[in-house]
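Asks: One structure, as structure tokens, below. Some questions next.
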Amino acid sequence: MKKILIFAAIILVLFGGIVFLTNYQQDQASEGNPYGKDELHPETIKQLDDPNYSNLILPDELKESLQNSEDMFVYFYSPTCPHCQQTTPVLMPLAEEENVDVKQFNLLEFEDGWTDYQIESTPTLVYYENGVEQERIVGSQPEENFEAFFQAHKEE
């Protein structure tokens, strides 16, 4: 019985150490993050160094841009969405190639965006003209669809 208690205590200490180490690593990885939050979802942390996720827009910035009647493309995504994980590596290089500034809104970190911008699924790419939504493209799409969307709305 004594051996079982010692074994159980060792397992608990090891488990506690693993939890502490994991939390410490996540805290270190998310320190100074562009989201301005103390804690981030682990899937968001994995994307912090990915250049495909470097053009982020925060909720207050998006709200202000729309109130200022700006024209803009906004890509609403979630780091846990498998369709977003397939779409982003196609969409963001295409946007750069087309010289289109696509702001990225992380719905996993800022869940109010779902209702604030009537997002029903991810990925969703929205074009705003003078701060008003003009068109959106929803779901995984062939590259040609995104290219046509950009061509139809980008400023020359």
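A short reminder: the numbers here are calculations on the coordinates, not readings from a lab. No experiment lies behind these values; they were computed from the predicted model shown. Every residue, glycine as well, gets a Cβ built from its backbone with ideal geometry; the counts of neighbours run over all protein chains shown.
Asks: Taking H placed 1.01 Å from N in the peptide plane, check which residues at least 5 places from Glu70 or on another chain put their amide H under 5 Å from its amide H.
Replies: When sequence neighbours closer than 5 places are left aside, the close amide H contacts are Gly131.
Asks: For the stretch 51-152, what's the relative contact order in percent, using C-alpha pairs closer than 8 Å and at least 6 residues apart? Provide the component values of the computation, followed by the final result.
Replies: Numbers: 154 pairs, mean separation 37.8, N = 102.
Worked out over the stretch 51-152, it gives 37 percent.
Asks: If amide H atoms are built 1.01 Å from N in the plane of the peptide, which residues on other chains or at least 5 residues away come under 5 Å of the amide H of Val100?
Replies: Amide H neighbours of Val100, under 5 Å, 5+ apart: none.
Asks: Between Leu107, Leu14, Leu125, which gets the highest mean-square fluctuation from a Gaussian network model of the chain, Cα cutoff 10 Å?
Replies: Leu14
Asks: Using a cut-off of under 17 Å, list every residue of the stretch 47-70 whose amide N is near the label point 7 Å from the Cα of Lys154 along the Cα-to-beta-carbon line.
Replies: Those under the cut-off are 55.
Asks: Treat each spin label as a single point 7 Å out from the Cα along the C-beta direction, and report the Glu120 to Ile137 distance in nm.
Replies: The two pseudo-label positions are separated by 1.9 nm.
Asks: Tell me, what ³J(HN,Hα) does each residue in the stretch 97-104 have, in order and in whole Hz, if you take phi through Karplus 6.51 cos²θ - 1.76 cosθ + 1.60 with θ = phi - 60° and put x for Gly and Pro?
Replies: Karplus-based 3J(HN,Hα) across the stretch 97-104 equals 4, 7, 6, 10, 8, 10, 7, 10 Hz.
Asks: Right, here's the next one. Compute the projected area of the convex hull of the Cα atoms of the chain, averaged over all viewing directions, and report it in nm² to one decimal place.
Replies: Numbers: hull surface 46.5 nm².
Mean projected area for the chain: 11.6 nm², to one decimal.
Asks: Given a Förster distance of 25 Å, report the FRET efficiency between Glu111 and Glu70 from their Cβ-Cβ distance, rounded to the nearest 0.05. Spell out each step's value before the answer.
Replies: Details: r = 24 Å, r/R0 = 0.95.
Plugging the Cβ-Cβ distance into 1/(1 + (r/R0)^6) gives 0.60.
Asks: In addition: What does DSSP give for the chain in terms of the percent of beta bridges that are antiparallel, rounded to the nearest 5?
Replies: Within the chain, antiparallel bridges account for around 65 percent of the total.
Asks: Still on this structure: Hey, what do the phi angles of the stretch 147-152 turn into as Karplus ³J(HN,Hα) couplings, whole Hz, using 6.51/-1.76/1.60 and θ = phi - 60°, x for Gly and Pro?
Replies: Result, rounded to whole Hz: 4, 5, 4, 4, 4, 5.
Asks: If you don't mind, there's one more thing I want to ask. Could you go through the stretch 58-67 in sequence order and give the Karplus-derived ³J(HN,Hα) for each residue, using 6.51 cos²θ - 1.76 cosθ + 1.60 with θ = phi - 60°, rounded to whole Hz, and x for Gly and Pro?
Replies: Each residue of the stretch 58-67 in turn: 8, x, 5, 5, 5, 4, 5, 4, 5, 5 Hz.
Asks: Starting from the amide H of Leu56, placed 1.01 Å from N in the peptide plane, find each other amide H under 5 Å away whose residue is 5 or more places distant or on another chain.
Replies: Under 5 Å from the amide H of Leu56 lie the amide H atoms of Gln104, each far enough along the sequence or on another chain.
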